[in-house]
Amino acid sequence: MEPSSHPLSRAIARRRREREALLALAGEYVETLSARLPVDAAAVIGSVARGDFNRWSDVDVVILSEALPDRLPERLELLFRDRPPKVEPWAFSASEVRALSARGDPRARELATDGVVLRGEARLSELLGAQRRSSADTSTGGASNSGLTDSPRPKPSSSR
């Protein structure tokens, strides 16, 4: 039996396609949002970024912008207008990301370790410093971040 015809190989290939489709959905959302809000950086975090998503998982998209409304109702209205199903936006200014990082917020930790950058890699690296993995480690094609490798990934010692 050829490796590509093995049921496990087909399942892995299907899973990668599903993940790529979810990442594309997130990218389309960021492009649509960019028409109304200057987006400095954007990344997918959570189960889709790690590759351990399931059919009920949402796509957590972190948006970095200095032009966010200060008031939560206006911020939410901006983020949720034209939001596709399954996309769960989280938007922060640079100072908010630094504060989240300083207090060990899981979103900031995932942004630094597992986040799949959609735009603004340099800005995220500048903001998160040494915590941020290189784009080669967190790209959509990087096996080390795909969650779909042939060997199991070690789990972080802290809970998510």
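The values are calculated or read from the model by the stated rules, or taken from the named source; none is laboratory data. From a predicted model like this one, the values you see are computed outputs, not experimental measurements. FYI the Cβ positions are ideal-geometry reconstructions off the backbone, even for glycines, and counts take in every protein chain you see.
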Out of (1) closer than 23 Å to residue 98 by Cα; (2) not in a loop (DSSP other than H, G, I, E, B), the one residue 39 does not meet is (2)
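One line per residue, one yes/no per condition, for (1) within 16 Å of residue 119 (Cβ to Cβ); (2) out of contact with any Leu (no Cβ under 7 Å at 6 or more places or on another chain):
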{"site": "19", "(1), (2)": "no, yes"}
{"site": "35", "(1), (2)": "yes, yes"}
{"site": "47", "(1), (2)": "no, yes"}
{"site": "55", "(1), (2)": "no, yes"}
{"site": "93", "(1), (2)": "no, no"}
{"site": "97", "(1), (2)": "yes, no"}
Give 70, 52 a once-over and let me know the one that is touching a residue at least 60 places away in the same chain (Cβ under 8 Å) and farther than 17 Å from residue 29 by Cα.
52
From the list 69, 73, 84, which residue is closer than 25 Å to residue 21 by Cβ and of a type outside the set (Phe, Trp, Tyr)?
84
Tally the residues that are of a type in the set (S, T, N, Q) and either within 24 Å of residue 51 (Cβ to Cβ) or in contact (Cβ under 8 Å) with a residue 60 or more places away in the chain (or both), restricting the search to the range 87-130.
3
Does the range 86-99 include one or more residues that are at pLDDT 95 or above, hydrophobic (A, V, I, L, M, F, W, C) and farther than 25 Å from residue 126 by Cα?
yes
